[in-house]
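J.: Before we start, here is the structure in question, set down as C-alpha cells.
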Amino acid sequence: MAYVLRFLLIIMVSGIFLTAGVALGWFSVDYGHIHLAIPTFIFTIFIQAFVMFYFIGVSRLVENVWNALNSAGNINELFDTPPEDLEPYKKKVSRFVHESTLSKRQTIPWTILMLILGTIAFLLGGAHDTGMVSKVVHAGVAYGFFAAMLIGIVRQWYYLGKSHILLGDLKSLFGMSRDAM
C-alpha cells in the first residue's frame with residue numbers, strides 16, 4: 001500500500017507543478033491553469049485523505065494488537081496457542097506503538113495544513129478571477145501551499161516507508177507472511 005500511495009503522491013505533485021507551471025507561463029498546454037487546478041486539487045484532496053487515513057489505520061492496528069496482548073481474554077486473537085512469556089512480544093509491540101504514533105503525529109498536521117492552504121489558494125484563485133482579490137494575495141497563499149506541500153510530501157514519503165517496514169515487522173512477529181492482510 002505504501003508504494004501505491006507513493007505513486008499517487010508523485011502524480012499529485014506532478015499535477016500541481018504542471019498547474020503552477022502553466023500559471024507562471026513555463027508550460028504551454030491547451031488548458032489554462034484554472035482548468036487544470038480543478039481536477040488537480042480534487043485529486044490532491046483525495047490523495048491526502050487517503051494518506052492520512054493510512055497512518056491513522058496503521059496506528060490503530062498496532063494499538064489493537066497492543067491491547068490484545070495486554071488483555072487475557074483477547075490473547076487468542078493473536079496466537080493459536082499463546083506462549084508462556086509474552087514480554088518479548090509486549091516489548092516489540094510497545095516500540096511499534098511508539099513508531100506508528102510518531103508517524104501519525106509527523107504527517108497528519110502537514111496533511112491538514114496542505115489541505116487548508118490548498119483550499120484557501122483555490123478559493124482565492126476564484127476570487128481573483130472575479131476581481132475580488134489581487135493576484136498577489138492568491139499567489140502568496142499558493143506559494144505557502146507549495147512550501148507546506150513540499151515539506152509534507154517529504155515527511156509522508158519517509159514515514160510511508162517506515163510504516164510499511166513496521167507492518168512487515170509486526171506481521172513477522174506473529175508468524176504471518178508480509179503479503180497477508
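J.: Are any of the residues in region 23-36 among the small types (Gly, Ala, Ser) and closer than 19 Å to Ile153 by Cα? Even if it seems obvious, please write down each step before you answer.
T.: Here is the first cut: in region 23-36, the residues among the small types (Gly, Ala, Ser) are 23, 25, 28, 32.
Now drop any that are not closer than 19 Å to Ile153 by Cα, which leaves none.
No, region 23-36 contains no residue that is among the small types (Gly, Ala, Ser) and closer than 19 Å to Ile153 by Cα.
J.: Is it the case that some residue within region 59-74 is aliphatic (A, V, I, L, M) and within 15 Å of the chain's Cα centre (by Cα)? Walk me through it before giving the result.
T.: Here is the first cut: in region 59-74, the residues aliphatic (A, V, I, L, M) are 61-62, 65, 68-69, 72.
If we keep only those that are within 15 Å of the chain's Cα centre (by Cα) as well, we get none.
No, because not a single residue in region 59-74 is aliphatic (A, V, I, L, M) and within 15 Å of the chain's Cα centre (by Cα).
J.: Can you find a residue in region 126-135 that is surrounded by 15 or more Cβ atoms within 10 Å (Cβ to Cβ), under 21 Å from the mean Cα position of the chain (by Cα) and modelled with pLDDT under 90?
T.: no
J.: Could you list all residues from region 53-88 that are open to solvent by 30 Å² or more (accessible area, probe 1.4 Å) and hydrophobic (A, V, I, L, M, F, W, C)?
T.: Phe53, Ile56, Leu61, Trp66, Ala72, Leu78, Leu86
J.: For the condition part of a helix (DSSP H, G or I) and in contact (Cβ under 8 Å) with a residue 24 or more places away in the chain, what is the one hit in Ala121, Ala127, Ala147?
T.: Details: Ala127 fails: in contact (Cβ under 8 Å) with a residue 24 or more places away in the chain; Ala147 fails: in contact (Cβ under 8 Å) with a residue 24 or more places away in the chain.
It is Ala121.
J.: Run Ser172 past the list (1) in a helix (DSSP H, G or I); (2) within 25 Å of His33 (Cα to Cα); (3) among the small types (Gly, Ala, Ser) and report the number of the one that doesn't hold.
T.: (2)
J.: Hey, among Lys91, Lys171, Lys162, which residue is farther than 26 Å from Thr40 by Cβ, among the basic types (Lys, Arg), surrounded by 14 or more Cβ atoms within 10 Å (Cβ to Cβ) and free of Cβ contacts under 8 Å to residues at least 24 places away in the same chain? Quick ask: steps written out before the conclusion?
T.: On the way: Lys91 fails: surrounded by 14 or more Cβ atoms within 10 Å (Cβ to Cβ); Lys162 fails: free of Cβ contacts under 8 Å to residues at least 24 places away in the same chain.
Of the residues listed, the single one that is farther than 26 Å from Thr40 by Cβ, among the basic types (Lys, Arg), surrounded by 14 or more Cβ atoms within 10 Å (Cβ to Cβ) and free of Cβ contacts under 8 Å to residues at least 24 places away in the same chain is Lys171.
J.: Being under 19 Å from Phe122 (Cβ atoms) and either β-branched (Val, Ile, Thr) or assigned to a loop (DSSP other than H, G, I, E, B) (or both) is the filter here; which residues of region 1-28 pass it?
T.: Ile11, Val13, Ile16, Thr19, Val22
J.: Here's another thing I want to ask about it. Which one is surrounded by the most Cβ atoms within 10 Å (Cβ to Cβ) among residues in region 6-22 that are small (Gly, Ala, Ser) and touching a residue at least 12 places away in the same chain (Cβ under 8 Å)? Can you show your working first?
T.: Restricting attention to region 6-22, the residues satisfying the condition of being small (Gly, Ala, Ser) are 14-15, 20-21.
So of that shortlist, the ones also touching a residue at least 12 places away in the same chain (Cβ under 8 Å) come out as 15, 20.
On the way: Gly15: 18, Ala20: 20.
This residue is Ala20.
The values are calculated or read from the model by the stated rules, or taken from the named source; none is laboratory data. Because the structure is predicted, anything quoted here is derived from the model rather than measured. Here Cβ is always computed from backbone atoms with ideal geometry, including for glycine, and neighbour counts include all displayed protein chains. Ligands, DNA and RNA are stripped out before the accessible areas are found, and what is left, the full protein with its side chains, is counted by its heavy atoms. Shrake-Rupley method; radii C 1.70, N 1.55, O 1.52, S 1.80 Å.
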